[in-house]
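The values are calculated or read from the model by the stated rules, or taken from the named source; none is laboratory data. Everything numeric in this text was worked out from a predicted model, so none of it was measured. Methodologically, a virtual Cβ is constructed for each residue, glycine included, from the backbone with ideal geometry; neighbour enumeration extends over all protein chains shown. Accessible surface areas use protein heavy atoms only, side chains included; no ligands, DNA or RNA. Shrake-Rupley method; radii C 1.70, N 1.55, O 1.52, S 1.80 Å.
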Amino acid sequence: MRRLVTTLLISAGILAGCSAPAPTATAGAEALGTRLTTMDDLIDWIDDTAGNCAEVSRREIGELRTFAGPDIAARFQPHVAEWATCRVSPEFPVVGLLLFAGDEQRRFQESWHKAMTAGEVADGPAFAFGNGFAVSAGFLGVSKLGLYYFRCGTPDPRVRQVPSDVPGCVFANPEHGHGHH
């Protein structure tokens, strides 16, 4: 029994030492990693992961329309708690950072899927998603940050996929090798 307790304590210590615990969920936004719940956490995470998130500008929700265009903004606005922009690199001079509150990320997925089914949008958004947030520069998100596109319809079995919170849709990262998170 003492050996078991020691092993459990050592295991807990090793797990506690990890900076980003592996997600325990296997589907939905929860499977995309640690949930980020504040804009400061999101900015810090992008800064740490991409090497930079400079010139941060917290924005009013109405400014999303000018930034993303009226159609895309109308799809995101009801679900976004707050948003900001930052400069990540010369290649990505203005990246939008969108934070979802509560259950709004799931509601966004449902709304987007419904719009696709109705023929109002043809494809998934160009944004990349993590647990509780999205970034506007999809390529930056999937290639440098390890985030996922939200896609509905026929999934591509050659890319890393996580079932989304909505049947018929997945989170997909074509940049991820199989078996990586």
Practice task
Filter the stretch 122-167 down to residues that are closer than 16 Å to Phe92 by Cβ, open to solvent by 20 Å² or more (accessible area, probe 1.4 Å) and either touching a residue at least 60 places away in the same chain (Cβ under 8 Å) or touching a His at 6+ places or on another chain (Cβ under 9 Å) (or both), then give me how many there are.
Solution key: 3
Practice task
Return only the number of the condition from (1) open to solvent by 70 Å² or more (accessible area, probe 1.4 Å); (2) closer than 22 Å to Ile61 by Cβ that Trp112 does not satisfy.
Solution key: (1)
Handout entry: Odd one out for Ser89, checked against (1) over 17 Å from Ala31 (Cβ atoms); (2) at pLDDT below 90
Key = (2)
Handout entry: Which numbered condition Val170 misses (of (1) surrounded by fewer than 19 Cβ atoms within 10 Å (Cβ to Cβ); (2) touching a residue at least 12 places away in the same chain (Cβ under 8 Å))
Key = (1)
Exercise for the section: Just give me the residues in the stretch 108-120 being under 20 Å from the mean Cα position of the chain (by Cα) and part of a loop (DSSP other than H, G, I, E, B), in sequence order. Expected result: none
Exercise for the section: State whether the residues of the stretch 144-161 include one that is assigned to a helix (DSSP H, G or I), closer than 19 Å to Leu99 by Cα and at pLDDT below 95. Expected result: no
Problem - helices (runs of 4 or more DSSP H) completely within the stretch 25-105 that count 1 or more residues being open to solvent by 30 Å² or more (accessible area, probe 1.4 Å) and closer than 15 Å to Gly130 by Cα - result: 39-50
